[in-house]
Amino acid sequence: MTTSARVLLVRHGQSTWNAEGRWQGWADPPLTELGEQQARDAVEHLRDAGITHVVASDLQRARRTGELIAEGLGIGASSVEVDPDLRERDVGAFSGRTTEENHAAHPEAFDGTRILYAPGGETAEQVLARVIPALLRIAHRHPGDTVLVATHSGVIRNLERHLGSPPVGNMPNLGGRWLDVCEGGRMDLGDPLLPIEPELTTRPDAE
């Protein structure tokens, strides 16, 4: 089966709520200074990846990450395509609270460190119902290209599980996963990637 596009899914840089340990979902906090530094640093690790286009979630932490990477790669910040269907999972009542607070208020929503559901938020099926068509649209617009998609940990985690590769640990900021999007809708997971220097790595435990 012919590959239509190669996609690199990356989690956005550290946001202010990441730094505070707060769940975000559809809330829209900005990147921290470190988050912007992470995005700029990623450019040096992605120069040889052949990236020709950048697409981002409409939430500013992902959109700004995409703009910084696109600018650094010479693609241009103004060329970043924005797609609301790539935004983080709606985490409902969890938004704005820490993991500890959410565990205390809704212990039944967790299995150890894994979230089973978010009260008032989206299910995994609802997330995939918008994310998969968005990725297919990207492949249709950019056949044969390599596209960086600046998105969110919940998006990447749910897609990994759907494609048969359970995530291991928390997705770091700027952590990513290669994905081949093929004609006919087939998707094949590739290798994980963390394109920043180790000393800049942060691993928020909240989406």
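Computed from the coordinates by the stated procedures, all read-outs in this text should not be read as laboratory data. Please read all numbers here as calculations on a predicted model, not as lab measurements. Note: ideal-geometry Cβ built from the backbone for every residue, glycine included; neighbour counts use all protein chains shown.
Contact order normalised by length for the range 107-187, with contacts defined as Cα pairs under 8 Å and 6 or more residues apart; what percent is it?
On the way: 32 pairs, mean separation 19.5, N = 81.
Here the relative contact order equals 24 percent.
Out of the DSSP beta bridges found with both residues in the range 45-203, what percent are antiparallel (nearest 5)?
On the way: 7 of 14 bridges.
In the range 45-203, approximately 50 percent of DSSP beta bridges are antiparallel ones.
Just want the answer: with Cβ charges of +1 for Lys and Arg and -1 for Asp and Glu, which residue in V168, A104, G120 is farthest toward the dipole's positive end in the chain?
Positive-end residue among those listed: G120.
Peptides 10-21, 29-40: what's the order by average Cβ count within 10 Å, highest mean first? Spell out each step's value before the answer.
Details: 10-21: 23.4, 29-40: 19.6.
The densest-packed peptide leads the list: 10-21, 29-40.
Helix 153-162 sits at what angle to the longest principal axis of the chain, using alpha carbons and giving 0 to 90 degrees rounded to 10?
Tilt relative to the chain: about 80 degrees.
Simple spin-label model, 7 Å along Cα-to-Cβ: E108 to Q60 in nm?
Computed distance between label sites E108 and Q60 equals 3.7 nm.
Once both axes come from the Cα atoms, what is the angle between helix 33-46 and the longest principal axis of the chain, in degrees from 0 to 90, rounded to 10?
40 degrees
Calculate the FRET efficiency for R203 and T16 from the Cβ-Cβ distance with a Förster distance of 22 Å, rounded to the nearest 0.05.
On the way: r = 16 Å, r/R0 = 0.74.
E between R203 and T16, to the nearest 0.05, is 0.85.
How much length, in nm to one decimal, is gained on full extension between L163 and A93, taken as 0.36 nm per residue of separation minus their Cα-Cα distance?
On the way: separation 70, 0.36 × 70 = 25.20 nm, distance 2.77 nm.
Length gained between L163 and A93: 22.4 nm.
Just to be sure I understand the model, the point goes 7 Å from the Cα along the line to the Cβ. What's the resulting A49 to S79 distance in nm?
The two pseudo-label positions are separated by 1.6 nm.
Which angle between 0 and 90 degrees, to the nearest 10, do you get for helix 124-141 versus the longest principal axis of the chain when only C-alpha atoms count?
On a 0 to 90 degree scale, this one is about 10.
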